Each structure stands twice: as structure tokens, then as C-alpha cells.
Amino acid sequence: MGSSGYGRLTDYSEKSKLPKNPTGNEGGSDGNDVCDNSFRAILEDFERSQYFSDHKSTPPKDKDIYVVFEKRLSVKTLQENETIGYLPTQFNYLAACIKDGKNYIGKVVMVTQKPIVIVEVLIQPE
């Protein structure tokens, strides 16, 4: 038993099936649509983000955010519309959810400065 394909992006259809369980834990399906799940994520590339470039600081805890697909899944501030980072690739299935009309909002729930900057968000479907 093995997989077919050659490990290239062209091996995947534009709209592949959404994962039944995006955490990677296998098991029976409970019938829930992953597009309806809330989740927490640590953002990638914060220190290269528009927000950091403009403010030279992290966003405050409880800052309102939303998710938009712009080549990557960007997390932006609701008021200023500034990108604060990107969701990790494990959440790429959300691109299909967004394309199908789902919107995602949330808040910054944790920020650390040292030893490295970490911005964690809680995201839920609107």
C-alpha cells in the first residue's frame, strides 16, 4: 500500500476534499463540518508583518481580528485592516471554506516578547 503521485503541487486538485479532522488525529467521522470549528493558532511571520512594520510592537491581547485568503491565510486587525501574521499550513483547508462563503473572526489571546515573539489567536466561524 502506498500513495500515488509524484509529490508535486499538480498532484492535488484545486479543490481537494476538506479534512474530516484537521488536527491529524485519525478516527471515525463525527459528521461535523471542519469549516464550523473554532481553533487556536500561533501566527507565522509576525515580525515581517505589516502590523509590526507600522507599530514596532505586538498587537494587544483581545485585539479583534479576521481571516482573509490572499495567497496565504492572512490574519488582519479588524479596525486597522493590517496583517499581523499568517495561519500555519495545517489550516490551509480554510481557503476552501472561505471560497465557499465562510467568514472567520477572532481575538488575539496571547502575546509573548521573549525569548521570541509569539502571537496566538482564537478564531471562530462568523
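Spatially close Lys pairs in the range 36-125, defined by Cα atoms under 24 Å apart and a spacing of eight or more places or different chains, total 19. Placing a label point 7 Å from the Cα of E70 along the Cα-to-Cβ direction, the residues of the range 77-113 whose backbone N falls under 14 Å of that point are 77-87.
A short reminder: the numbers here are calculations on the coordinates, not readings from a lab. As the structure is a prediction and not an experimental result, all values here were calculated from the model. Glycine gets a Cβ as well: all are built from the backbone with ideal geometry, and neighbour counts include every protein chain shown.
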